[in-house]
Amino acid sequence: MDTLSMRFVLVLILAFAVVLLSLVIFLQRSKRGAARRSRYIEALYALIDGRKEDAYTFLASAVRNGEDAVDAYIQLGDLMRERGQADKALQLHRGLTVRPGLSFDDEKAIQLSIAEDLAALGKTDRAVTALETVRRKRKDPDVLSALHRLYHAQGDFESAYD
């Protein structure tokens, strides 16, 4: 009977250890899952809620920590431009152009942001040139709309009409 109760106690201790270990592993994974909801995702939620300062903080942190989403950098640059830092936004956006394996949509979004940065700096001619290079690849409605606005800003109504 002593051996039987000893086995029972050992099995009970072993079962308790397994449950405890499972609980620790589960909590570790949920912490990592929460960490995976990155600063970038938090920034997107902040942008949706209209909290641009929080979004700026989250995006800056995400970029510093090596976020790989191109959109995180585009959004951060756009917020910089809105804060009056168009020159820094332009640097950030131009840095994205050298990334390998960009899709057309990524290239388009980057060039649209570069054009807006240049326009904010008063370099509308260069902004038009940046968008014309994208337009030559594919006639995209977003690019055409941005070109239309830039041509109007320049007073080139014929090109805007075209």
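Couple of notes before you dig in:
- Filtered residue count, the stretch 104-131, keeping only those that are surrounded by fewer than 15 Cβ atoms within 10 Å (Cβ to Cβ) and either among the hydroxyl-bearing types (Ser, Thr, Tyr) or in contact (Cβ under 8 Å) with a residue 12 or more places away in the chain (or both): 3
Residues checked against (1) in contact (Cβ under 8 Å) with a residue 40 or more places away in the chain; (2) surrounded by 21 or more Cβ atoms within 10 Å (Cβ to Cβ); (3) under 19 Å from LEU131 (Cα atoms):
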site	(1), (2), (3)
ASP54	no, no, no
VAL70	yes, no, yes
LEU76	no, yes, no
GLY84	no, no, no
GLN91	no, no, yes
ARG94	no, no, yes
THR97	no, no, yes
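- Selection status of SER38, surrounded by 16 or more Cβ atoms within 10 Å (Cβ to Cβ), hydroxyl-bearing (Ser, Thr, Tyr) and either more than 21 Å from SER113 (Cβ to Cβ) or at pLDDT below 85 (or both): yes
- Condition check for ALA60: open to solvent by less than 40 Å² (accessible area, probe 1.4 Å), under 16 Å from the mean Cα position of the chain (by Cα), free of Cβ contacts under 8 Å to residues at least 24 places away in the same chain and farther than 25 Å from HIS152 by Cα: yes
- A residue that is assigned to a loop (DSSP other than H, G, I, E, B) and under 14 Å from the mean Cα position of the chain (by Cα) cannot be found anywhere in the stretch 74-83.
The values are calculated or read from the model by the stated rules, or taken from the named source; none is laboratory data. As the structure is a prediction and not an experimental result, all values here were calculated from the model. Here the Cβ is made from the backbone with ideal geometry for all residues, glycine too, and neighbour counts use every protein chain on show. All accessible areas refer to the heavy atoms of the entire protein, side chains included, with ligands and DNA or RNA removed. Shrake-Rupley method; radii C 1.70, N 1.55, O 1.52, S 1.80 Å.
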